[in-house]
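Below is one structure; the comments refer to it alone.
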Amino acid sequence: MDIVQFEPRFSGTVGRLIYETDRQLFDLFFKNPEDILEKLLRNGVCWDPERIIMAASEGEVLGVLAYDLEGSESGVIDLFRMLGPIDALRVMMMDLIDSMSTQQVEDGDLYIASLAVAPEARGQGVGFRLLQEAQMIAEDRGLDRLTLDVSPTNIPAVNLYSKFGFRFTGKKEIKILKREFHQMELPLH
């Protein structure tokens, strides 16, 4: 298994994996969320392609990790140009809901926005290897910690993060949407 930088030719596969990490929110706003995700990924809007890494083997994507750093924002104009006004507003509403239910990315953080492993590759160390790579990226940049949000119902993910050394720091929820996340961090120093 190799850890490689995201390439737009994998937008469809990566989009499907990212969709699985927050299906509830994507389905709330889009009839075909995987198509929107593929378009956003292919054009580098919402996720900086430089901040997406993939685990791959023999040309197959086994897993993906997308991360954010403090101050990274997507261009609203690009969003409207690519998706049109209605879908752009939907993405912006999703971002607003996400910002109310997940932790703020602070200076010194590498925030893991999405970590997904293909069903056929689960239990093979793919997620752990992607976390190792994210940790190396953060250490190379001199950052202070890795942070993430995880649904408390995603027991395999909670177990993976705990095994890797993450600790719980709080929780956020939007009761009306039945959206709850546990906040976790891994200090690097």
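The values are calculated or read from the model by the stated rules, or taken from the named source; none is laboratory data. All of these numbers come straight from a predicted model, not from anything done at the bench. Counting neighbours? That spans all protein chains shown, and the Cβs are built from the backbone with ideal geometry, glycine included. Surface areas here come from the heavy atoms of the whole protein model, side chains and all, with no ligands, DNA or RNA. Shrake-Rupley method; radii C 1.70, N 1.55, O 1.52, S 1.80 Å.
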>> So if I take the alpha carbon set of the chain, get Rg, then get Rh from the Kirkwood formula, what is the Rg over Rh ratio?
In response: 0.93
> For a label point 7 angstrom out from the Cα of ASP78 toward its Cβ, which stretches of segment 17-38 have the backbone nitrogen within less than 17 Å?
Replying inline: 36-38
> Each residue of segment 120-130 in turn: what ³J(HN,Hα) in whole Hz from Karplus with 6.51, -1.76, 1.60 and θ = phi - 60°, glycine and Pro shown as x?
Replying inline: 6, 10, 5, x, 10, x, 5, x, 4, 5, 5
>> Past 29 Å, Cα to Cα: identify those pairs from LYS31/LYS163; LYS39/LYS175; LYS31/LYS172, in the order given.
In response: LYS31/LYS163; LYS39/LYS175
> Can you tell me the accessible area per residue over the chain, all protein chains present, probe 1.4 angstrom, in square angstrom?
Replying inline: 54
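Hey, what did segment 107-167 get for relative contact order, percent, Cα under 8 Å, at least 6 apart?
Worked out over segment 107-167, it gives 43 percent.
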> Taking the Cβ of PRO33 as the center, what net charge do the other residues with Cβ under 11 Å away carry, scoring Lys and Arg +1 and Asp and Glu -1?
Replying inline: -2
> So which lysines pass the test for LYS178, namely a Cα distance under 18 Å, with those fewer than 8 places away in the same chain ruled out?
Replying inline: none
> Which length gain, in nm to one decimal place, applies between SER57 and ASP140 when the Cα-Cα distance is subtracted from 0.36 nm times their residue separation?
Replying inline: 27.4 nm
> Counting alpha carbon pairs within less than 8 Å and at least 6 residues apart, what relative contact order, in whole percent, applies to the chain?
Replying inline: 20
>> So if each residue of separation counts as 0.36 nm, and I subtract the Cα-Cα distance between SER99 and THR169, what length gain in nm does that give?
In response: 23.5 nm
> Given the rule -39500 (n - 2.57) for each run of at least 4 DSSP H residues, summed and divided by the residues of the chain, what is its mean residue ellipticity at 222 nm, to the nearest 500 deg cm²/dmol?
Replying inline: -12500 deg cm²/dmol
